[in-house]
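The values are calculated or read from the model by the stated rules, or taken from the named source; none is laboratory data. Just so it is clear, the structure is predicted and the values come from calculations on it, not from any experiment. Note: ideal-geometry Cβ built from the backbone for every residue, glycine included; neighbour counts use all protein chains shown.
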Amino acid sequence: MFIGGVGSGKTYIGARKALRKAIDNPKTLGLIAANTNSQLVQSTLVEFWKALSEINFVEGIDYVVNKQPPPEWGIESRFKRSHNGIITLRNGAQIVTRALYNWIPLLGLTIGWAWLDEARDTADIAFRMGIVDRLRCGNSHKHQVFITTTPNGFDWLYDYFEAEPNKPGKEHLKEKRQYQVATTADNVINIGQGYIDNITDTIDERLAKQQLEGLWIDVFSGKAYYAFDRKIHVTEEEMKIDRARPVMLCCDFNVSPMAWMVAQIKRYSGDSVFQDEVICFIDEIEVDNTTTQECVTEYLSRYEEYGFRNEKELADSTIVYGDAAGKARSTTGSAATRSDYEIMKSRGLDNQVIPSANPLQVNRVAAVNAKLKNANGKIGTLINKCCTGYTVDSERVAFKKGTRQLDKSDPARTHFTDAGGYCIHRLWPVDRGKFKSVNTAGY
């Protein structure tokens with residue numbers, strides 16, 4: 001296994017090793033696999049086509065894809081009917097390309113080698129039964145599975161390559177289950193320092209150890225918002241609304257309590273302590289046994305407190321972020337009722353930035369942690385001392401043991417950080433393996 005940080009060259013290496021296997025084993029069936037079809041087509045195979053091009057292999061002359069080999073090659077394909085997902089080299093080697101989310105069809109194959117890209121997202125059973133158990137081809141010089149991946153905490157890869165071989169009496173497994181670790185910085189000559197700097201700006205320190213250094217780190221256990229520090233993030237100075245900037249209303253539509261956060265963005269360009277853009281949570285609205293209509297009324301009634309002349313002026317300055325589920329309609333009998341966001345529009349809160357679907361919970365939590373403090377140690381979140389619900393959430397919300405889901409056993413918890421998290425992920429998203437940020441110019 002080649003385990004490393006993003007951009008460390010894992011797929012590059014894997015593609016060229018796979019090609020070498022195919023060239024050196026002309027009578028062998030090999031396998032190139034990724035977890036999903038999109039990953040296979042858009043990443044894994046893209047690098048394999050590049051590897052073929054580098055040695056001047058031309059499609060139709062040196063290899064064919066999804067076709068029977070030409071008769072003049074003098075080789076017989078193992079596949080008499082469908083060649084979908086099959087690469088055939090002129091030397092007689094063939095490669096099956098598959099996505100492992102559906103690994104059952106692999107049970108009929110007999111292979112000599114396999115390359116598995118980004119195995120962190122693959123199920124253990126797919127690896128053991130769909131790949132390892134299929135290594136039976138007698139023509140292969142050496143049966144081998146090679147994996148390229150970023151780590152994903154203490155998962156089955158950790159057990160297979162690290163924990164099991166280090167158990168008493170299992171030392172012989174170390175020779176069979178070898179792995180090499182590489183950091184993102186090891187490949188800086190090819191990806192550039194700017195690439196690394198962009199990532200460290202947009203993820204937190206703990207996630208960086210996993211995604212940049214390739215270390216076994218479990219970021220989805222214990223306290224969810226581990227980057228939070230009351231002494232750093234909760235300000236003792238009273239924060240006020242700046243009427244010159246838009247007001248962000250961040251919504252979670254739980255009935256009891258319904259929790260909304262009021263925020264603005266403050267800029268600290270070039271500051272040594274703060275990120276260029278800091279989200280300031282200035283106020284919170286918490287109402288038990290309520291409706292969206294009542295919460296809108298409560299929010300707009302605070303216009304004087306926020307420095308606005310009337311409710312309309314506050315509504316016109318507000319951008320709404322929140323739970324995508326609030327777009328759904330419910331029914332009472334045969335009559336359709338308005339969605340939460342339609343109710344808000346009817347009260348003048350019509351500037352709404354709502355996704356079609358909520359982000360993965362782990363990605364939302366990762367975005368909040370990165371905004372609390374990124375891998376460069378810069379702070380991106382400030383919380384008004386009056387926002388006690390958000391503060392307590394940040395300190396107490398944890399992952400449910402053995403899962404990657406937040407523990408919601410306490411009905412009072414998660415709602416404030418959920419509300420703020422929808423906004424943070426929308427503006428500064430963190431997606432494991434992608435790490436992109438959204439330009440918030442004008443906010």
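Values as computed for the structure displayed
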item	result
Helices (runs of 4 or more DSSP H) contained in segment 278-397 and holding at least 1 residues of a type in the set (K, R)	311-316, 340-346, 361-372, 388-396
Test for W103: is it modelled with pLDDT of 90 or more, out of contact with any strand residue (DSSP E or B) (no Cβ under 8 Å at 6 or more places or on another chain) and closer than 16 Å to L40 by Cβ	yes
Residue match in segment 330-346 (condition: under 28 Å from G380 (Cα atoms) and in contact (Cβ under 8 Å) with a residue 24 or more places away in the chain)	no
Members of segment 342-363 that are crowded, with 23+ Cβ neighbours inside 10 Å and under 17 Å from the mean Cα position of the chain (by Cα)	none
Number of positions in segment 183-197 that are farther than 15 Å from T150 by Cα and either of a type in the set (V, I, T) or exposed (fewer than 15 other Cβ atoms within 10 Å of the Cβ) (or both)	9
When residues of segment 104-121 are limited to those that are closer than 20 Å to I147 by Cα and of a type in the set (G, A, S), the one farthest from the chain's Cα centre (by Cα)	G112
Pair list, Cβ under 7 Å, 6 or more apart: segment 100-128 residue among the small types (G, A, S), other residue assigned to a helix (DSSP H, G or I)	A119/F127; A119/L157
Pairs with Cβ under 9 Å, 6+ apart, first in segment 180-198 and on the phi < 0 side of the Ramachandran plot, second buried (at least 17 other Cβ atoms within 10 Å of the Cβ) and of a type in the set (K, R)	A182/K10
Residue within segment 157-171 that is hydroxyl-bearing (S, T, Y), within 13 Å of G4 (Cβ to Cβ) and in the same structural domain as L29 (by TED's automatic domain parsing) present	no
Subset of segment 39-58 [under 19 Å from R98 (Cβ atoms) and not hydrophobic (A, V, I, L, M, F, W, C)]	Q39, Q42, S43, T44, E47
